[in-house]
Amino acid sequence: MSSTAPTGDAVEIVTRFLRLIEERRLDEASSYLAEGAAIVFPGGRRFHTLEDQVASSAGRFQSVCKIFETIDELDSDQGVVVYVSGELTGVDVAGRSFSGVRFIDRFTVVDGLITDQRVWNDVAEVLPIGRRDDRGMS
């Protein structure tokens with residue numbers, strides 16, 4: 001196993017990464033990702049780049065912001081695991097504001113880089129967002 005980031009550093013890495021994505025500073029945010037990092041969103045949607053992930057969201061949102069409520073960090077055999085949970089706020093693609101949508105993200109950080117991000121949220125349960133899945137179906 002590789003060495004992991006010291007306590008606290010992983011939280012800073014993850015929160016900075018999330019804020020950079022919100023600001024669409026994708027090149028800078030990408031510098032926090034390890035080569036081959038897994039990025040998995042609801043529905044099992046896998047992304048290989050942040051540009052792909054943001055493009056996928058463009059058909060759903062004009063903007064999204066994460067309000068952090070809890071951040072937990074723990075050591076594991078795979079690295080430092082950071083859970084971030086809270087609420088999503090923003091504007092959907094039709095221009096409607098929303099807030100209070102629950103989310104939880106799980107990150108694994110090894111040697112100061114994010115190797116894995118798993119995302120869960122209640123967007124599909126809360127927002128009337130018409131979208132197409134990967135097979136082109138609504």
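The values are calculated or read from the model by the stated rules, or taken from the named source; none is laboratory data. Since the model is a prediction, treat every value here as computed from it, not as a measurement. A quick note on method: Cβ atoms are made from the backbone with ideal geometry, for glycine too, and the neighbour counts reach across all protein chains shown.
Do the conditions hold for Ser3, that is, is it small (Gly, Ala, Ser) and either at pLDDT 95 or above or touching a helix residue (DSSP H, G or I) at 6+ places or on another chain (Cβ under 8 Å) (or both)?
Numbers: small (Gly, Ala, Ser): yes; either at pLDDT 95 or above or touching a helix residue (DSSP H, G or I) at 6+ places or on another chain (Cβ under 8 Å) (or both): no.
Answer is no for this residue.
All but one of (1) touching a residue at least 24 places away in the same chain (Cβ under 8 Å); (2) over 15 Å from Thr115 (Cα atoms) hold for Leu50; state the number of the condition that does not hold. Among (1) touching a residue at least 24 places away in the same chain (Cβ under 8 Å); (2) over 15 Å from Thr115 (Cα atoms), Leu50 violates only (2).
Could you identify the single residue in Phe103, Phe68, Phe61 that is among the aromatic types (Phe, Trp, Tyr), in contact with a strand residue (DSSP E or B) (Cβ under 6 Å, 6 or more places away or on another chain) and over 14 Å from Leu18 (Cα atoms)?
Numbers: Phe103 fails: over 14 Å from Leu18 (Cα atoms); Phe68 fails: over 14 Å from Leu18 (Cα atoms).
Testing whether each residue is among the aromatic types (Phe, Trp, Tyr), in contact with a strand residue (DSSP E or B) (Cβ under 6 Å, 6 or more places away or on another chain) and over 14 Å from Leu18 (Cα atoms) leaves just Phe61.
Taking each residue of segment 61-76 that is aromatic (Phe, Trp, Tyr) and modelled with pLDDT of 95 or more and looking for partners that are surrounded by 14 or more Cβ atoms within 10 Å (Cβ to Cβ) and in a strand (DSSP E or B) with beta-carbon atoms closer than 6 Å, six or more apart or interchain, yields Phe68/Val84; Phe68/Gly86. Filtering segment 41-81 to residues that are surrounded by 14 or more Cβ atoms within 10 Å (Cβ to Cβ), hydroxyl-bearing (Ser, Thr, Tyr) and in a strand (DSSP E or B) leaves nothing. Is it true that Arg19 is at pLDDT below 95 and among the basic types (Lys, Arg)? In short, no.
Considering segment 16-40, and only residues there that are within 12 Å of Phe107 (Cα to Cα) and either part of a helix (DSSP H, G or I) or aromatic (Phe, Trp, Tyr) (or both), the residue that is farthest from the chain's Cα centre (by Cα) turns out to be Tyr32.
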